[in-house]
Every structure is written in C-alpha cells, then in structure tokens.
Amino acid sequence: MAYDHIMNRYFLLGLFLIIQITSFSQDDSLRYAEILWSMKRKAFILQTVEFTEAEKAAFWPVYEDYCFSIMYMELENLEMERTLLNTHVRMNEKEGDVMYSNLLTNEYELARLRKQFYRKFKRALGAKKAARIMQADNAFRLKIKLEVFETPESTAPLLTRLRD
C-alpha cells in the first residue's frame, strides 16, 4: 500500500513536469528525462516481477539507490552511442578509436556497478528474484536503446526519444 502511494506521487510529479516542459532549460530537461526514465523503469519492473509486500519493502530502497547510481552513466552511454552513430562517417581513425574506447570504458563501469547491485538485490530477495530483476532491467535498457536508435540518421535530442 505504501508503494502505491509512492507511485501515485511519482505519477503526479511526472504530470506536473510534463505540464512545465515548455519552460525548461537544458538542465531542467535532463532532470525531467531522469525522472521520466526512472518512472518508466519502475513500471517495467512492476509489470515483469511479482513482489510480496515484504519484498517490496526490502527491494525498493535498494532499487532507488541503483537507479540513482546508474542514471548518469546510462544517459552518457546512450549519448555516446548516438554520437558515434551520427558522426561515424565524418570521424577519422583516431577520433573513432577514442570515442569507442570511451564507450567501452563506460559500459565496463556500468557492468561493474550493476554487478554490485545484483549482490545487494540477492541479499534483499534471494538469487532467483535478483536474477529476474536484472533480466527485466536489462530488457528495459535494451528497449530504451531500440527506441533511441530506431532511426539511425536521427539527430533528435535524447529527451525527445525518452519521452515516448
């Protein structure tokens, strides 16, 4: 029940942010994207994984910390991939190497962080449920990547893609 109350607050916050979107600066737009992404991710997890009330109480604080910890790295990863996709033709060998090396470093750090949180999820819920959560989270990440890159020639801002 407490979780439903929290989700209602997130919904109201999201609604307020949508109404205010026209007056956002770039920093505000990034904050909006983060909140929207977090809400979508939580909804996806709820659709995919069943929780008891006790599991919800143990899981959501850890998951909130997880979302906060990976958000900037994930946005950076998507932005690097989008940049590579949109500029690969104009890049020379060295630029391409540097950009892709940075992308791989980011993905490595993200994987390390996700592994740390997998351990925390395991402590909170057990290995089977933790694995299911990580599978669902990975599916969500893939879904977002597919949405962002559905049109390779697109140079639309990342926020526009995340909003849909």
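The values are calculated or read from the model by the stated rules, or taken from the named source; none is laboratory data. Given the structure is predicted, the values throughout are model-derived calculations rather than measurements. Every residue, glycine as well, gets a Cβ built from its backbone with ideal geometry; the counts of neighbours run over all protein chains shown.
Output the residues belonging to region 103-130 that are without any contact (Cβ under 8 Å) to a residue 12 or more places away in the chain and surrounded by 14 or more Cβ atoms within 10 Å (Cβ to Cβ).
Once the filter is applied, which keeps residues that are without any contact (Cβ under 8 Å) to a residue 12 or more places away in the chain and surrounded by 14 or more Cβ atoms within 10 Å (Cβ to Cβ), region 103-130 yields only Lys122.
Report, ordered by the first and then the second residue, all pairs with beta carbons closer than 6 Å, sequence separation of six or more or different chains, a first member in region 134-151 that is on the phi > 0 side of the Ramachandran plot, and a second member that is part of a helix (DSSP H, G or I) and modelled with pLDDT of 90 or more.
none
Which residue pairs have Cβ atoms closer than 9 Å, lie 6 or more positions apart in sequence or on different chains, and pair a first residue in region 78-101 that is touching a residue at least 12 places away in the same chain (Cβ under 8 Å) with a second residue that is aromatic (Phe, Trp, Tyr) and surrounded by 14 or more Cβ atoms within 10 Å (Cβ to Cβ)?
If the second residue must be aromatic (Phe, Trp, Tyr) and surrounded by 14 or more Cβ atoms within 10 Å (Cβ to Cβ), the pairs left are Leu78/Phe149; Met80/Tyr100; Glu81/Phe149; Arg82/Phe149; Leu84/Tyr100; Leu85/Phe149.
Determine whether Leu75 is in a helix (DSSP H, G or I), surrounded by 15 or more Cβ atoms within 10 Å (Cβ to Cβ), of a type in the set (A, V, I, L, M, F, W, C) and modelled with pLDDT of 90 or more.
In short, no.
I'm trying to understand the selection: among the residues of region 42-61, which are surrounded by 14 or more Cβ atoms within 10 Å (Cβ to Cβ) and of a type in the set (D, E, K, R)?
Lys42, Glu55, Lys56
Considering only region 39-52, state which residues are touching a Phe, Trp or Tyr at 6+ places or on another chain (Cβ under 8 Å) and part of a helix (DSSP H, G or I).
Passing the criteria: Met39, Lys40, Arg41, Lys42, Phe44, Ile45.
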